[in-house]
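Chemist: Mind having a look at this structure? Questions to follow.
The values are calculated or read from the model by the stated rules, or taken from the named source; none is laboratory data. Just so it is clear, the structure is predicted and the values come from calculations on it, not from any experiment. All Cβ positions, glycine included, derive from the backbone under ideal geometry; neighbour counts span all protein chains shown. Remember, those area values only see protein heavy atoms, side chains included, never the ligands or the DNA or RNA. Shrake-Rupley method; radii C 1.70, N 1.55, O 1.52, S 1.80 Å.
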Amino acid sequence: MAVLGVDFGTSNSAAGIARDGVPWLIPLEAEGVTLPTAVFFDVDTQKMLIGSAAGDALLAGEEGRYMRALKSLLGSALMRERRMFLGERLDFIDIVARFLARLKQAAESATGERFEHALSGRPVRFHGDDARNAQAEVDLREAYMRAGFDDVRFMYEPEAAALANRDVLAAGDLGLVVDIGGGTSDFTLFRTGGAGIDILASHGVRIGGTDFDRKVSLDFVMPLLGRGSEIRHAFGKDTHAAPATIFNDLATWQKIQFLYAPDSRRLARDLAQYAVEPARLARLVSVLEDELGHDIAFAVEAGKIAANGGGDGQIDLRVVERGLAVTVGASQMGAALRDLAGETGAQAVRTMADAGIAPEAVTHLIFVGGSSLMEVVEEALHPLFPEAALHRGSALTAIADGLALGAEGAFL
């Protein structure tokens, strides 16, 4: 039985199988083994584009609807809302299913095998709420079924990463995986022994890279669009602060597409009409009218990454207004993200408490996921585990590697 290991991620996805006990990640587009978890409904071609093609269409200004971070919607009521896309009424489970179906097709074309079963990664917790957490797995399972798989089983993502990193540890060593993905942070404490690993505790929290992006956007970009600006009352001289919700949503990857509705655009125009600083709110109007929210999000993400190396990161907003940009220094970026990084550290310590083991006992700290590479994360985590050696090898593919290894025995 051929089983496909699938890492369906918030920002990127990958798939793999094991060959002679070694994980092999399947090229899903060109030679790339990771695929952006993004879709674009192209009005001109009447097709749904996925991966890099979706991002290219967005940046080229093609007419259509772009979506990213769909994984973060799992478990919410939005997943089963039906909307019109290219003349077809779909819910968001259909959209995830079509993404997974394309991934399945690419894997089958590359390997010559037919995959009817999948071992899928999943966060330890999609949501803090138990009911929504359970519903998220129900939604994801249904998406796999609609994608053409006969069955799917799940493995916690940090446990897959632990499996992939087992050779880093010597017998008896104690490793802690710190997996900071796009939407969640997950932790697995494990010990090596014999031919495998022993999982001692796993824990997760809904904090991820998209939350880092959101904080940067709210602090440094949204004020340029009117966040915090005063709005005059229609009658009299009193003012009130512009409502925060529209800016919060515009800074949140998975909510951007919902702001292009007529009511949001109408609200922005009303705010601009009565704004004490009309030029700032006029930018908000143009962002919604021209559907530039995702362009801003990409610019924020790029600025965040640029500032991570210790230099300045520029958030280029020329798409909104010629010459508009904001420079964020490394120290400013660190200050903005310190609380979020500190909370991931607190949750890592909680994982140790669940296992009844002191943090000082950890011999290896294994960072997984793109946002685990942020310096502010290391600064928050390493002092909590002072005896641990740090490892970042295969940070972007460790989960997929582990799922490929685990797929062999997932249905035995």
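Chemist: Please compute the contact order of the chain in relative form: average sequence separation of alpha-carbon pairs under 8 Å and at least six residues apart, divided by the residue count, as a percent.
Modeler: 19 percent.
Chemist: Same structure, new question: Which part of region 242-285 falls in the paramagnetic zone of GLU230, meaning amide N under 19 Å from the point 7 Å along Cα-to-beta-carbon?
Modeler: Taking a point 7 Å out along Cα→Cβ of GLU230, the residues of region 242-285 whose backbone N falls under 19 Å are 242-244, 271-282.
Chemist: Now for a separate question. Quick check: pseudo-label points 7 Å beyond the Cα along Cα→Cβ at ALA353 and ALA325, how many nm apart are they?
Modeler: Spacing of the two 7 Å Cα→Cβ label points: 4.5 nm.
Chemist: Follow-up. With a 1.4 Å probe and all protein chains left in place, how much accessible area per residue does region 263-323 have, in Å²?
Modeler: Here the per-residue accessible area is 50 Å².
Chemist: Moving to a separate point now. For LEU200, list long-range residues whose amide hydrogen, built 1.01 Å from N in the peptide plane, is under 5 Å from its own amide hydrogen.
Modeler: Distant-sequence amide H within range of LEU200: LEU189, PHE190, ARG191.
Chemist: Something else about it: Please identify which residues in region 1-38 have an amide N closer than 18 Å to a label point set 7 Å out from the Cα of PHE411, following the Cα→Cβ vector.
Modeler: 1-8, 15-19
Chemist: If you don't mind, there's one more thing I want to ask. What's the FRET efficiency of ARG269 with ALA346 using the Cβ-Cβ distance as r and R₀ = 56 Å, to the nearest 0.05?
Modeler: Taking R0 as 56 Å, the efficiency between ARG269 and ALA346 is 0.85.
Chemist: Here are some values of log10 I(q)/I(0) by the Debye sum over Cα atoms at q = 0.06, 0.07, 0.11 Å⁻¹: [x] -0.22, -0.31, -0.77; [y] -0.29, -0.39, -0.88; [z] -0.26, -0.35, -0.84. Which one was computed from this structure?
Modeler: It is the value labelled [z].
Chemist: If you don't mind, there's one more thing I want to ask. Please work out the FRET efficiency for the pair LEU59 and ASP339, using the Cβ-Cβ distance as r and a Förster radius of 45 Å; give the result to the nearest 0.05.
Modeler: 0.90
Chemist: Still on this structure: On a straight-distance basis, which lysines could pair with LYS255 in a cross-link, Cα separation under 28 angstrom, same-chain partners fewer than 8 positions away excluded?
Modeler: LYS47, LYS71, LYS104, LYS215, LYS304
Chemist: Right, another one. How many percent of the accessible area of the chain is carbon or sulfur, using a 1.4 Å probe?
Modeler: Roughly 49 percent of what the probe reaches on the chain is carbon or sulfur.
Chemist: Out of the DSSP beta bridges found with both residues in the chain, what percent are antiparallel (nearest 5)?
Modeler: If I count the DSSP bridges inside the chain, around 70 percent turn out antiparallel.
Chemist: Under 1.5 on a/c is rounded, so check that first for region 1-132, then, if it is not, pick prolate when a/b is larger than b/c and oblate when it is not; a ≥ b ≥ c are the square roots of the alpha carbon gyration tensor eigenvalues.
Modeler: In terms of gyration-tensor shape, oblate.
Chemist: Count the net charge of all other residues whose Cβ sits under 12 Å from the Cβ of SER229, scoring Lys and Arg as +1 and Asp and Glu as -1.
Modeler: +2
Chemist: So for the pair SER109, ARG318, with labels modelled 7 Å out along Cα→Cβ, what separation do we get in nm?
Modeler: 3.5 nm
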